[in-house]
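Report on one structure; see the data block that follows.
The values are calculated or read from the model by the stated rules, or taken from the named source; none is laboratory data. Values in this document were obtained by computation on a predicted structure and should not be read as measured data. Note that we place each Cβ from the backbone using ideal geometry, even for glycine, and neighbour counts take in every protein chain shown. What goes into the accessible areas is simple: the full protein's heavy atoms, side chains included, and nothing from ligands, DNA or RNA. Shrake-Rupley method; radii C 1.70, N 1.55, O 1.52, S 1.80 Å.
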Amino acid sequence: MKYILQINKTISEWLQVEDGEMYAIRLQEDLAGTVGDPVLLFRASEAPWTTGIGDSGENYVTDGPFLHRLPSGELLMFWSSHGDLGYALGIARSRSGQIAGPWTHDPLPLFTKDGGHGMLFQTFSGQFMLTIHAPNDAPNERPVLFLAVEEGGHLTIEKRD
């Protein structure tokens with residue numbers, strides 16, 4: 001089955017729903033449309049590392065989802081929100097190994113300070129790299145690359161100087 005992730009089922013931003021929502025919806029085999037209703041995966045405030053923004057401090061962002069399956073079969077989702085040090089990249093884990101979850105969140109973000117929208121790719125030599133945009137400040141945003149290492153179900157990235 002093929003799925004697409006969407007921020008929420010009404011195609012509204014976190015600005016409209018206040019607590020950003022992450023949804024998945026099944027795609028037709030030919031990818032020409034969807035099948036069934038969207039499934040709520042989680043809300044941004046469920047992750048322990050997220051912080052609210054805005055005048056009320058009650059707006060939580062869900063942004064930039066990217067799925068990755070570890071060699072163990074565990075399904076991870078990288079996603080961005082705001083944390084204590086600004087825009088951040090966290091990891092959610094599907095307890096079932098399936099897109100519908102249920103999803104849990106790592107207690108701390110993978111990247112904490114002013115960058116997000118993470119994606120993993122493999123170099124021609126087989127090394128995994130994480131790319132994000134940082135800082136989260138247009139027009140100063142640039143791609144930033146980190147060496148990514150997976151050991152025992154945990155992903156770490158090289159530290160920036």
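Would you pick out the residues in the stretch 66-89 that are of a type outside the set (A, V, I, L, M) and in contact with a strand residue (DSSP E or B) (Cβ under 6 Å, 6 or more places away or on another chain)?
PHE66, HIS68, ARG69, PHE78, TRP79, SER80, HIS82, TYR87
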So the strands (runs of 3 or more DSSP E) completely within the stretch 19-92 holding 2 or more residues that are open to solvent by less than 10 Å² (accessible area, probe 1.4 Å) are 21-27, 75-83
Selection from the stretch 40-59 of residues over 16 Å from THR112 (Cα atoms) and in contact with a strand residue (DSSP E or B) (Cβ under 9 Å, 6 or more places away or on another chain) yields LEU40, LEU41, PHE42, ARG43, SER45, GLU46, GLU58, ASN59
Expected output for the stretch 83-108 (first residue farther than 17 Å from MET119 by Cα, partner surrounded by 13 or more Cβ atoms within 10 Å (Cβ to Cβ) and of a type in the set (Lys, Arg), Cβ below 7 Å, 6+ apart or cross-chain) is LEU85/LYS113; GLY86/LYS113; TRP103/ARG93; THR104/ARG93
- prompt: On the given criteria, is LEU130 assigned to a strand (DSSP E or B) and more than 30 Å from ASP37 (Cα to Cα)?
  reply: yes
- Among the residues of the stretch 143-160, is there at least one that is in contact (Cβ under 8 Å) with a residue 24 or more places away in the chain, at negative phi and outside any strand (DSSP E or B)? no
Expected output for the stretch 26-50 (first residue without any contact (Cβ under 8 Å) to a residue 60 or more places away in the chain and closer than 14 Å to MET77 by Cβ, partner part of a strand (DSSP E or B) and charged (D, E, K, R), Cβ below 8 Å, 6+ apart or cross-chain) is LEU40/GLU21; ARG43/ASP19; ARG43/GLU21; ALA44/ASP19; ALA44/GLU21
